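The values are calculated or read from the model by the stated rules, or taken from the named source; none is laboratory data. The shown structure was predicted, so the numbers you read here are calculated from the model rather than taken from an experiment. Methodologically, a virtual Cβ is constructed for each residue, glycine included, from the backbone with ideal geometry; neighbour enumeration extends over all protein chains shown. Areas reflect the complete protein model, heavy atoms only, side chains present, ligands, DNA and RNA absent. Shrake-Rupley method; radii C 1.70, N 1.55, O 1.52, S 1.80 Å.
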Amino acid sequence: MLFATSLGNYIKSTVGRLLRLHKPHQYNHICSMYPRAVFMEVTNYCNLNCVMCTFHSKESPFRGNGRFSRSKGFMSESLAYKIIDELGSSDVPIWLAMHGAGEPLLHPKIEMFIRRASKYDNLNVGFLTNGMLLTDEKIKALLDSGIKWLSVSIDGLRADLMEKYRKGASFSKIHSNTMHLIQAVTSREEKPFLHVNMTVQKEMEADVDQFVDYWLQYVDQVSVSPCRPIGSRKSPLLPEGVRREPCYMLFETMVIFWDGSVGLCCEDWFNWGQMGSVELNSLYEVWHGKKFSKVRELHLKGKYSKLMLCKECDIWFNKTPKVYFDTNRNCEVVVNAWQTIYRKVNKAKSETIRLADAL
């Protein structure tokens, strides 16, 4: 799911903004003791076959190619707890996302993993879902687990268009499940941060404003992301003439696949980077190991072309060219190289305070 380019936009822009919201022009590319954002892929199985998905789409040029494929599976309980406990014991504020190339709700123990993570004050845990499996029973279990944030992908307001691109999805079911989630959250004293994301196909562009207005009534944040071609690491919104810099993800984010192997970043869909294994080593050892150190060194020296995953990639660009307050919608709007984010003003302020404390 995450590594399917349609949803990666939300994660990259959100993580980057959260990590550098207060000092966007003072980033010194210093490696933190532990990554500030960790993607913990509990499974890479998915119940959908989205057309734009690099990993699962039947149209993906990488599908079925033995050289670039990655086996499917579910993260073991022991590995999940090992990861969670090490991160939780670090005292470093960490944004923990329990999703990757699959649908997290397919994992039978996802609520247990979240409950374990929620015991640690420094872990901000949640995940991205396609919403198909958000039953009332599952919603209650997730809210009882202490989940801190939850994001649902709903592409537009038209069932025919969404179902055309998200093969196997039911627009009415996802909409109904999401509304049930919203209703359940309103009755809770501790309310997780709710987000809805739209991946915009050409046919959907005319519906964007209506989509934003509709969902901003109910959730804390709405984001709109232009769809990238399968396998592309290029941003359609990258400003012309911008000077390339070392990628922030190499210094602040870690992607852990279901089997414990570690990828270079969230654009490393098939683990081409092979940065190590947290099954065999600690997260700290992998994060500060020779492979990550070598890649960071190449970036700091501007030798991006030496790295297959980096030479044609725009993920490094995550500054915020435009931020303004929309008085009509009463929300903060952030327009960056990956998407446009609409965040309710009260949530934006509270998140800013939380991040200021963390940083």
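Per-residue 3J(HN,Hα) values for the range 234-241, derived from phi via the Karplus relation 6.51 cos²θ - 1.76 cosθ + 1.60 with θ = phi - 60°, read 9, 8, x, 10, 5, x, 5, x Hz in sequence order (x marks Gly and Pro). Each peptide in 109-120, 254-265, 72-83 gets a packing score, the mean of other Cβ atoms within 10 Å over its residues, and the list from highest to lowest is 254-265, 109-120, 72-83. Across the chain, the relative contact order, built from alpha-carbon pairs under 8 Å that are at least six residues apart, equals 21 percent.
So what's the gap between the Cα centers of the range 243-277 and the range 101-120, to the nearest angstrom? The distance from the Cα centre of the range 243-277 to that of the range 101-120 comes to 21 Å. Considering only 108, 50, 196, the residue lying farthest towards the positive end of the dipole of the chain is 50, judged by Cα position with unit charges set on Cβ.
Among the listed values [x] 16.5; [y] 21.7; [z] 20.6, the one matching mean projected area of the Cα convex hull in nm² as calculated from this structure is [x].
Using a 1.4 Å probe on the protein chains only, how many percent of the accessible area of the chain belongs to carbon and sulfur?
The nonpolar share, carbon plus sulfur, comes to 50 percent.
Note that the range 164-179 has calculated 3J(HN,Hα) couplings of 5, 9, 9, 5, x, 8, 10, 4, 5, 5, 5, 4, 4, 4, 5, 5 Hz, one per residue in order, obtained from phi through the Karplus relation 6.51 cos²θ - 1.76 cosθ + 1.60 (θ = phi - 60°); glycine and proline are x. Accessible area per residue was computed with a 1.4 Å probe on protein heavy atoms; residue 198 scores about 0 Å². The residue among 89, 242, 75 whose Cα reaches farthest toward the positive pole of the charge dipole of the chain, with charges on the beta-carbon of Lys, Arg, Asp and Glu, is 242. Think of each Lys and Arg Cβ as +1 and each Asp and Glu Cβ as -1; about the Cα centre, that makes the dipole of the chain roughly 940 debye. Cβ screening of the chain for cysteine pairs under 4.7 Å finds these without a partner: 31, 46, 227, 247, 265, 266, 310, 313, 331.
These residues, 34, 45, 214, go from largest to smallest accessible area, 1.4 Å probe, as 45, 214, 34.
Here the Karplus relation 6.51 cos²θ - 1.76 cosθ + 1.60, evaluated at θ = phi - 60°, turns the backbone of the range 183-192 into coupling constants of 5, 5, 5, 4, 8, 9, 6, 8, 9, x Hz, with x for every Gly and Pro. Each helix, a run of at least 4 DSSP H residues, gives -39500 (n - 2.57); summed and divided by the residues of the chain, these come to -9000 deg cm²/dmol at 222 nm.
Relative contact order of the range 293-339, taken over Cα pairs closer than 8 Å and 6 or more residues apart, is 25 percent. Against the criterion of solvent-accessible heavy-atom surface with a 1.4 angstrom probe, 106, 134 sort, most first, into 106, 134. Taking a straight line from the alpha carbon of residue 202, these lysines sit under 26 Å away, with near neighbours fewer than eight places off in the same chain left out: 12, 58, 164, 167, 173, 234, 319, 322. Projecting the Cα atoms of 307, 286, 218 onto the charge dipole of the range 207-317, computed from C-beta unit charges around the Cα centre, puts 307 farthest toward the positive end.
Among DSSP beta bridges lying fully in the chain, give the percent that are antiparallel, nearest 5.
Restricted to the chain, the bridges split so that about 45 percent are antiparallel.
Label the range 133-282 by shape, choosing from rounded, prolate and oblate, from the square roots a ≥ b ≥ c of the eigenvalues of the Cα gyration tensor; if a/c is under 1.5 it is rounded, and otherwise prolate applies when a/b is larger than b/c, oblate when it is not. Because a/c hits 1.5 or more and a/b fails to exceed b/c, the range 133-282 counts as oblate. Packing, as the average of other Cβ atoms within 10 Å across residues, places the peptides 47-57, 159-169 in the order 47-57, 159-169, highest first.
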